[in-house]
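Here's the structure we're looking at; comments come further down.
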Amino acid sequence: GAANQALVKDLQRVISGTLYDDLDRNGTVKLLPKETSKELKILLANSIADFLPKWREQCVQNQVSPPKLVDFDWRVDVASSSNVLSRMMVPKVFVEMTIQKEATEHRQMAGTKNVQFELSKEALGTLVKSLGKIRDQLANIK
């Protein structure tokens, strides 16, 4: 009845608090209602601690997130351009990315879409330089 519902609500609050506030077993015990026996508090704190890694993983997997890169393909084409005075070879990079669309609701499976674009040799150089800076910044994060 009402006591069971109150217990479930208390456990939800304790689990959420432990999960999102990154509490240890002692922190979990402090969240439990004062009238709970010491033995039950320890049992619950240990059980919650045992399940925490799996619950954290599920939270990350189920969160609404921005689009994610699924696949990436590219090719180089060389177009010839000419006028009366000269003939030029103009390299272009064609890129196609498959992106998982952004989920708009929790537990919703988002579809994918293809994005295609063309880069000049100069634009590719700028992109590679920028990606190198990102890589370096990520490498400095401990």
With loop defined by DSSP as not H, G, I, E or B, and exposure as at most 15 other Cβ atoms within 10 Å, which is the longest segment of the chain clear of exposed GluC sites (Glu not before Pro)?
36-101
Other-chain or far-sequence residues with amide H under 5 Å of residue 68's (modelled H)
100
In percent, what relative contact order does the chain have, based on Cα pairs under 8 Å that are 6 or more apart in sequence?
15 percent
Gaussian network model of the chain, Cα springs within a sub-10 Å range: biggest mean-square fluctuation belongs to which of 132, 17, 111?
132
Accessible surface of residue 112 in the full protein assembly, 1.4 angstrom probe, to the nearest 10 Å²?
80 Å²
What residue among 76, 128, 60 shows peak mean-square fluctuation when the chain is described by a Gaussian network model with Cα springs under 10 Å?
128
Excluding residues on the same chain fewer than 8 positions from residue 38, give the lysines whose Cα lies under 30 Å from its Cα.
9, 30, 54
Among all the lysines, which ones have a C-alpha under 16 Å from residue 101's C-alpha, if same-chain residues fewer than 8 places away are not counted?
68, 113
Counting each DSSP H run of 4 or more residues in the chain as -39500 (n - 2.57), what helix-only mean residue ellipticity at 222 nm follows after dividing by all residues, to the nearest 500 deg cm²/dmol?
-17000 deg cm²/dmol
Cβ-based charge dipole, the chain, positive-most Cα from 55, 14, 130
130
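The values are calculated or read from the model by the stated rules, or taken from the named source; none is laboratory data. The model shown is predicted, which means the values in this text are computed figures rather than measured ones. Here Cβ is always computed from backbone atoms with ideal geometry, including for glycine, and neighbour counts include all displayed protein chains. Areas reflect the complete protein model, heavy atoms only, side chains present, ligands, DNA and RNA absent. Shrake-Rupley method; radii C 1.70, N 1.55, O 1.52, S 1.80 Å.
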